[in-house]
Amino acid sequence: MNNEGTPRKMESNHRLASVLATGLFVILCGFIAFPLLAGLLASFRPGRELVQNGLAINFDFSTMTVDNYKYLFGLAGDNSKVDSAKYFMWYKNSLILTILTVILTLLVCYFVAYGLTMYKFRLQGFLFFLVIATMCVPFEILMLPLYQEVTALKIINTRAGVILPGLCAASTIFFFRQYMQSLPKELLDAARIDGCTEYGISVKIMMPITKPAFASMAILCAMGSWNNMLWPMLVFRDTSKFTLQIGLNTLLTPYGNNYDLLIAGSMFGIIPILVIYLIFQKYLIDGMTAGAVKG
Amino acid sequence: MSKFKKLFYSQKVAPFVFVLPFILSLLIFWAYPLISGIIMSFQDISFGSRSFVGTAHYSKLLKDKFFITAVSNSVEYMLLTLVLMIPIPLLLAVLMESRITKAKGVWKVIMYIPALTSVVISGMLFRMMFSEAAGSQMNQLMAFLGRTPIAWLKTKWTAWIALLLLCMWRWTGVNMLYFVSGLKSIDGSLYESAEIDGCNAKQKFWYVTLPLIKPTTIYVITISVYAGLSMFLESFMLWNGNSSPKNIGLTIVGYLYKRGIEKNDLGYACAVGMVLMIIALVINVIQLIATGTFKKED
């Protein structure tokens, strides 16, 4: 990286630096893959081994079985059938909750951001300030009063109780606004002349243009919802309503009698979000960096 | 068209219709719980009956040694995560965006994957890797170094290695991507002119990259301060529940959860929450002043 030296020396320096830098990322990615790989390998071994020996990379293929997965899918006797039904109920609950959360949150946040961005009106600046203000109070502080409120509103133990308080996600509104600001407002006037109503414009004209923003927010929102734990744990009381994360947590007992199900179930529980991520990863990076650039 | 309908479709009313859900949500699910949380922190609440106790909860908090442990743990955790989770991701981002790194896309995709795993799953994996059993990953490492197995999660500093590694494992990639996007917004010609002026790589980093990436840095610091101070689930998963030996993993939110949910002492728990909010706001204001965010840009 020095300006001195002959071109040939510079080139070989460059090559060395390239090997070192790329090597660093290879090692780093190795560390990152490590716990997941160890977990994946452990899911092909009896769960009690996990309690007795802890978790480590173990390539002893001779002792590997698919028993845990057989158990998970209800193929290993009556107990297995009961546990499997329970697990996939949680799985289904998580899927439904995630899909509902994503659709509702995105729609609401889109329209709010549209209103905040596409018009000039009194209170506009103040309302946007309030959007930012809601980000400055950690959710954990609101948690207990909100829990009481949700109980009083009789939406405790329901999906509405989980979804409604988070519907107007400030960061999502912020991102949509950021995205819409870069779009030309002349489009709106053209549509108005053509006789489109204000609401028609927001749906028929702007929504198709903001598709990339929808894609990146959808994946962030889906991740957040699939992995959300604290608030659903407070709202849902019946085992039949638990999400996957809460359910997995109940399998973690000091006795380790559920670990077959736990380890296989955990690995299987990463799959939906991993698939979505791998499909949409290029949108994700745009989405998560929305607030970072303009500050 | 009726008068009402006409008004509803006018450009004057439409923006309010659009932002109505936000206003409702703000009032019902933000302002109301916030205010009721403040009020509850001055009340004694037990099974339906409420009575005002003034600042009794707050003065009790000052003498509550569990609370003091929780605050010092949370603040310590936040500071350590700042030390680890700002400079390292920043340097990685610079390296990632430099010409010398090959196959960038692959590393970016892999480094984000830990953030996809839930805290339940990642916490469980780390708990098992740091298990006191001789066969666990960390104790195998100890055996390799010729040491005896360690009960990692039972003493503070070894347990915190696990806690901080869990945090680094999950969030290094995410923070790095924030910095990458910040770096991408820097005008490349600035580096060229710096090079013409004879700047070396180190000088370019100090005088071009660092000042220009400041908005991103402030953003990452802000979210890290909040995340660090309100950390709870990581500790909850690592110790398999809300209690750790000698409270080495007790955090402010952990204590709030313990008093509010487990012991049903809502008034006291709300006071804990208010202290958390005050600490978060104070740190943020200090941080914003220190980084010059309030100064008018010229």
Exercise for review: Would you compute, from DSSP H runs of 4+ residues alone, the mean residue ellipticity of the protein assembly as shown at 222 nm, taking -39500 (n - 2.57) per run and dividing by the full residue count, rounded to the nearest 500?
Suggested key: -21500 deg cm²/dmol
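Could you please put B:THR117, B:THR217 in sequence from largest to smallest accessible area, using a 1.4 Å probe?
Order by accessible area, largest first: B:THR217, B:THR117.
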Practice item. May I ask for the longest run of chain A untouched by trypsin sites (Lys or Arg not before Pro) that are loop-located per DSSP and have at most 15 neighbouring C-beta atoms (other than their own) within 10 Å? Key: A:1-119
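With a cut-off of at most 16 other beta carbons within 10 Å, and DSSP calling the residue loop, which chymotrypsin sites (Phe, Trp or Tyr not before Pro) in region B:16-90 qualify? Please list them. Please list the in-between numbers first.
Working: sites: B:PHE16, B:PHE18, B:PHE22, B:PHE29, B:TRP30, B:PHE42, B:PHE47, B:PHE52, B:TYR58, B:PHE66, B:PHE67, B:TYR77; in loops: B:PHE42, B:PHE47.
Passing sites in region B:16-90 are B:PHE47.
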Check your understanding: About its Cα centre, how strong a charge dipole does chain A have in debye, to the nearest 20, once Lys and Arg get +1 and Asp and Glu get -1 at the Cβ?
Key -> 440
Check your understanding: Within straight cross-link reach of B:LYS6, meaning Cα distance under 21 Å, which lysines are found once same-chain residues fewer than 8 apart are removed?
Key -> A:LYS120, A:LYS204
Practice item. Write out the chymotrypsin sites (Phe, Trp or Tyr not before Pro) in region A:198-275 meeting two conditions: DSSP loop, and at most 11 other Cβ atoms within 10 Å of their Cβ. Key: A:TYR255
Review point. Within a Cβ distance under 14 Å of A:MET206, other residues only, what is the Lys/Arg minus Asp/Glu net charge?
Key: +2
Practice item. Using the charge dipole of region A:109-196 (Lys, Arg: +1 at Cβ; Asp, Glu: -1 at Cβ; taken about the Cα centre), state which of A:ILE156, A:PRO184, A:PHE126 has its Cα farthest towards the positive end. Key: A:PHE126
Study note, to complete from the structure: P(r) of the protein assembly as shown over all Cα-Cα pairs, 20 Å bins starting at 0, rounded to whole percent, reads 17, 50, 29, 4, 0
Review point. Over what distance in Å are the Cα centres of region B:107-180 and region A:201-254 separated?
Key: 25
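Translational D (Stokes-Einstein, µm²/s) of region B:60-290 at 20 °C and 1.002 mPa s when Rh comes from the Kirkwood sum over C-alpha pairs? Mind showing how you got there, number by number?
On the way: Rh = 19.8 Å.
Calculated translational D: 108 µm²/s.
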**Study point:** Loop-resident sites, region A:32-113, for chymotrypsin sites (Phe, Trp or Tyr not before Pro), counting at most 11 other Cβ within 10 Å (DSSP)
**Key:** A:PHE59
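Just the number, please: buried accessible area between B and A, total of both chains, 1.4 angstrom probe, nearest 100 square angstrom.
On the way: alone 18340 and 18100 Å², together 28260 Å².
Answer for the B-A pair: about 8200 Å² buried.
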Point to revise | Using θ = phi - 60° and Karplus 6.51 cos²θ - 1.76 cosθ + 1.60, couplings along region B:255-260 (whole Hz; Gly, Pro as x) | key: 6, 4, 5, 4, 6, x
Exercise for review: Give, in whole angstrom and from largest to smallest, the semi-axes √(5λ) of the equivalent ellipsoid of region A:7-69, with λ running over the eigenvalues of the Cα gyration tensor.
Suggested key: 41, 10, 8
Exercise for review: Run down the lysines and flag those whose C-alpha is under 20 Å from the C-alpha of A:LYS81, throwing out any fewer than 8 positions away in its chain.
Suggested key: A:LYS70, A:LYS92, A:LYS241
Check your understanding: Rounded to a whole number of µm²/s, how large is the Stokes-Einstein D of region A:216-278 at 25 °C and 0.890 mPa s, given Rh as the Kirkwood radius over C-alpha pairs?
Key -> 191
**Study point:** Dipole magnitude (debye, nearest 20) for the protein assembly as shown, charges at Cβ of Lys, Arg, Asp, Glu
**Key:** 680
Practice item. Please give, to one decimal in nm, the separation of the simple spin-label points placed at B:GLN11 and B:ASP44, each 7 Å out from Cα toward the Cβ. Key: 6.1
Check your understanding: Can you give the accessible area of B:CYS199, probe radius 1.4 Å, in Å² rounded to 10?
Key -> 30
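May I ask which of B:LYS154/B:LYS214; A:LYS185/B:LYS3; B:LYS102/B:LYS154 have a Cα-Cα span longer than 31 Å here?
From B:LYS154/B:LYS214; A:LYS185/B:LYS3; B:LYS102/B:LYS154, over 31 Å: B:LYS154/B:LYS214; B:LYS102/B:LYS154.
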Study note, to complete from the structure: Over the Cα atoms of region B:207-269 the radius of gyration and the largest Cα-Cα distance (Dmax), both in Å, equal 16.9, 54
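Divide the volume of the convex hull of the Cα atoms of chain A by its number of residues and quote the answer in cubic angstrom per residue.
On the way: hull volume 67.8 nm³, N = 295.
Taking the convex hull of the Cα positions in chain A, it is 230 Å³ per residue.
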Point to revise | Residues of type aspartates and glutamates that B:LYS65 reaches as a straight line, Cα spacing below 15 Å, ignoring anything fewer than 8 places off in the same chain | key: none
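Can you list which of the DSSP-assigned H helices in chain A have a Cα extent of 15 Å or more along the long axis and an average Kyte-Doolittle score of at least 0.0?
Numbers: long enough: A:7-42 (51 Å, 1.11); A:78-118 (59 Å, 0.85); A:124-135 (17 Å, 1.98); A:139-152 (19 Å, 0.89); A:170-181 (16 Å, 0.19); A:211-227 (24 Å, 0.75); A:259-288 (38 Å, 1.47).
Helices passing the filter in chain A: A:7-42, A:78-118, A:124-135, A:139-152, A:170-181, A:211-227, A:259-288.
In a shell of Cβ-Cβ distance under 14 Å around A:ARG15, excluding A:ARG15 itself, what net charge do Lys and Arg (+1) and Asp and Glu (-1) give?
Numbers: positive: A:ARG8, A:LYS9, B:ARG99, B:LYS102; negative: A:GLU11.
Once positives and negatives cancel, what remains is +3.
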Review point. Which longest run of chain B has no exposed loop site in it, a site being trypsin sites (Lys or Arg not before Pro) in a DSSP loop with at most 16 other beta carbons within 10 Å, and the site itself not part of the run?
Key: B:148-262
Practice item. Give me the accessible area per residue for chain B, probe 1.4 Å, as a whole number in Å². Key: 48
Practice item. Note down the magnitude of the dipole of region B:60-290 about its Cα centre, charges +1 on Lys and Arg C-beta and -1 on Asp and Glu C-beta and zero elsewhere, to the nearest 20 debye. Key: 480
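Near B:SER10, within a Cβ-to-Cβ distance under 11 Å, what is the net charge of the other residues, with Lys and Arg +1 and Asp and Glu -1?
On the way: positive: B:LYS3, B:LYS5, B:LYS6, B:LYS12; negative: A:GLU198.
Neighbour charge sum, excluding B:SER10 itself: +3.
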Review point. How much length is gained if the chain between B:THR55 and B:LYS202 is pulled fully straight, taking 0.36 nm per residue apart and subtracting their Cα-Cα distance, in nm to one decimal?
Key: 47.6 nm
Review point. For region B:41-69 and region A:161-177, what is the separation of their Cα centres, given in Å?
Key: 32
Study note, to complete from the structure: Sorted by chain and number, the residues with a modelled amide H under 5 Å from that of B:GLN43, at a separation of 5 or more or across chains, are B:VAL53
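Can you tell me what percent of all Cα-Cα pairs in region A:146-236 are more than 17 Å apart?
Numbers: 2533 of 4095 pairs.
Result: 62 percent of Cα pairs exceed 17 Å.
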Check your understanding: Short version: what are the Cα gyration tensor semi-axes of region B:120-222, square root of 5 times each eigenvalue, largest first, in whole Å?
Key -> 42, 16, 11
Review point. Which helices pass in chain B if a helix is a full DSSP H run, must span at least 20 angstrom along its long axis by Cα, and must have mean Kyte-Doolittle hydropathy not below -1.0?
Key: B:65-85, B:156-184, B:214-229, B:266-290
Exercise for review: Could you provide, to the nearest whole Å², the per residue accessible area of chain A with probe 1.4 Å?
Suggested key: 47
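The values are calculated or read from the model by the stated rules, or taken from the named source; none is laboratory data. Since the model is a prediction, treat every value here as computed from it, not as a measurement. No Cβ is skipped: glycine too gets one built from the backbone with ideal geometry, and neighbour counts run over all protein chains shown. What goes into the accessible areas is simple: the full protein's heavy atoms, side chains included, and nothing from ligands, DNA or RNA. Shrake-Rupley method; radii C 1.70, N 1.55, O 1.52, S 1.80 Å.
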